[in-house]
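Working notes, structure below.
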Amino acid sequence: MADGFLAPKAGFATKAIHAGHNPSKWYSSPAVVPIVTSTTYKQRGPNDNDGFVYGRSANPTRNSLQDALAALDGGKHALAFPSGLGATTVLVSLLKHGDHILSCDDLYGGTNRLLRNLCAKMDIELTFADFTNIDNVKNGIKNNTRMIWLESPTNPSFKVIDIAAVKNVANTHKDIIVIVDNTFLTPYLQRPLDFGADVVVYSLTKYMNGHTDIIMGAAVVNDDELAEKLKFLRNALGVVPSPYDCYMVNRSLKTLALRMEQHKKSSLAIAKWLQKHPNVTEVLHPGLPTHPQYALTQKQTSGHSGVFSFKHSGGLKESRQLLQKFKLFLLAESLGGCESLASLPSLMTHASVSAEQRAELGITDSLVRLSVGLEDTDDLLEDLKQAFKAVF
């Protein structure tokens with residue numbers, strides 16, 4: 001038989017378990033990273049191994065994805081997690097009782113909810129501020145500030161934050177980690193580490209996977225000590241993704257550049273069309289010259305992705321009608337997939353944010369967020385035209 005370590009007269013159960021599974025004979029030279037599902041690994045001797053001992057600690061398929069993620073962001077270390085919020089949970093777990101987080105005020109509703117709840121339970125102070133004014137960052141830092149959290153662009157108002165300026169402020173204090181959620185742009189359009197960020201965090205669920213079929217997260221860092229702390233926490237907390245999910249994201253990264261170019265092209269065309277519509281009062285797209293941080297966008301990014309927001313002249317009634325009239329745009333949460341999506345943040349992604357905070361951020365019932373997919377741009381424009389015509 002092929003596996004010489006099995007005795008010729010080995011029993012049925014022994015063959016069923018071991019035949020064809022001699023670890024020393026894996027693998028040849030596969031062109032595609034294989035899915036390794038093993039939870040444990042054969043060691044040469046007690047604690048004599050190649051770094052693979054138990055699946056929670058290390059996995060070859062996961063390592064391959066992490067190597068790719070680190071390379072794309074220009075980082076030394078990448079860690080994959082079962083979700084973007086899983087990555088956030090581990091990052092917040094770096095802190096201790098009495099520490100302080102300074103966060104940008106406009107961010108993903110799930111992150112807002114997690115920070116507020118975790119900080120309350122861990123007795124960590126939390127402050128929200130508008131980071132587009134760098135003075136708010138300077139004035140928001142306290143003696144116990146240990147983490148600055150930001151998204152750029154923000155969600156769902158698409159404010160662009162000067163990452164280098166925030167990091168420069170943080171550098172005037174000791175032991176502050178600057179974390180940038182780069183989910184909206186991916187490393188293809190923006191690399192926060194190049195501007196001084198300590199950690200780049202992703203919901204890989206969105207553009208990085210890009211096919212609306214996997215939930216995963218990641219963090220990329222350069223600092224060796226910080227990377228070791230995160231690896232320890234991930235292993236201790238058991239916050240690890242499955243090998244299959246890692247394989248799927250690895251597959252998706254191969255088309256990331258092509259997909260992002262089309263998302264970028266279509267979203268800008270649609271944003272320009274909306275800007276001219278008589279019933280659209282504002283288009284929040286960083287690629288438009290009318291955007292307040294357009295110059296910063298040109299400096300800090302290589303363009304904008306497919307997700308952006310707009311405001312119309314109606315209210316909740318018109319928003320409901322508009323979203324239900326779309327034919328190609330699916331009424332759904334999330335973003336970054338091949339399919340175009342439309343959502344109402346006030347009732348969907350940001351429903352957990354307090355009404356007071358939504359009002360301050362301008363997240364009204366007339367604010368609609370679009371995730372422009374990979375359909376033909378002209379077809380998407382026709383869908384918008386027919387939906388607006390039916391409502392306004």
Run through the DSSP bridge list for the chain and note the antiparallel percent, rounded to the nearest 5. 55 percent
Restricting to DSSP H runs of at least four residues, report the calculated mean residue ellipticity at 222 nm for the chain, -39500 (n - 2.57) per run over all residues, nearest 500 deg cm²/dmol. -11000 deg cm²/dmol
So, in Å, what gap is there between the alpha-carbon centers of the range 221-275 and the range 286-323? 22 Å
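Assuming a strict under-13 Å limit between Cα atoms, what lysine pair count do you get for the range 256-391 once near-sequence pairs (fewer than 8 apart, same chain) are dropped?
Working: LYS264/LYS272; LYS276/LYS311; LYS276/LYS385; LYS317/LYS325; LYS325/LYS385; LYS325/LYS389; LYS327/LYS385.
Eligible lysine pairs with Cα atoms under 13 Å apart amount to 7.
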Sorted by chain and number, the residues with a modelled amide H under 5 Å from that of LEU126, at a separation of 5 or more or across chains, are ILE101
A correct Karplus calculation of ³J(HN,Hα) over the range 218-229, with 6.51 cos²θ - 1.76 cosθ + 1.60, θ = phi - 60°, whole Hz and x for Gly and Pro, returns 7, 9, 10, 9, 9, 6, 5, 5, 5, 4, 5, 4
Karplus-derived 3J(HN,Hα), 6.51/-1.76/1.60, for each residue of the range 175-185, Hz, glycine and proline x: 6, 10, 9, 9, 10, 10, 7, 10, 4, 5, 10
Per residue of the range 157-174, what does 6.51 cos²θ - 1.76 cosθ + 1.60 with θ = phi - 60° give for ³J(HN,Hα)? Whole Hz please, x for Gly and Pro, Karplus curve as stated. 8, 6, 7, 9, 10, 6, 5, 4, 5, 5, 5, 4, 5, 4, 5, 7, 10, 9
Cα shape, the range 241-294, gyration tensor, a/c 1.5 rule: prolate
Cβ-derived FRET efficiency at R0 30 Å, HIS173 paired with ASN117, nearest 0.05: 0.70
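Of the beta bridges DSSP finds with both residues in the range 60-253, what % are antiparallel, to the nearest 5?
Details: 10 of 27 bridges.
Once the DSSP bridges in the range 60-253 are tallied, antiparallel ones form about 35 percent.
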Using only Cα atoms, figure out Rg for the chain and give it as a multiple of 2.2 N^0.38 Å. 1.10
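Based on alpha-carbon atoms only, what is the radius of gyration of the range 60-253 relative to the globular estimate 2.2 N^0.38 Å? Display every interim value, and only then the final one.
Values: Rg = 15.5 Å, N = 194, 2.2 N^0.38 = 16.3 Å.
Ratio of Cα Rg to 2.2 N^0.38 Å: 0.95.
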Please list, in order, the residues from the range 98-133 whose amide nitrogen is less than 16 Å from a point placed 7 Å along the Cα→Cβ vector of ASP223. 99-102
Order of 355-362, 298-305, 123-130 by packing, highest average Cβ count within 10 Å first? 298-305, 123-130, 355-362
Going by amide H atoms built from the backbone, whose H comes under 5 Å of the H on HIS312, apart from near neighbours? THR281, VAL368
Can you tell me which lysines have their Cα less than 18 Å from the Cα of LYS121? Leave out same-chain residues fewer than eight positions away. LYS96
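Values in this text are rule-based calculations from the coordinates and carry no lab data. Everything numeric here is computed off the predicted structure, so don't read it as measured data. Don't worry about glycine lacking a Cβ; one is built from the backbone with ideal geometry, like all the others, and counts go over all protein chains shown.
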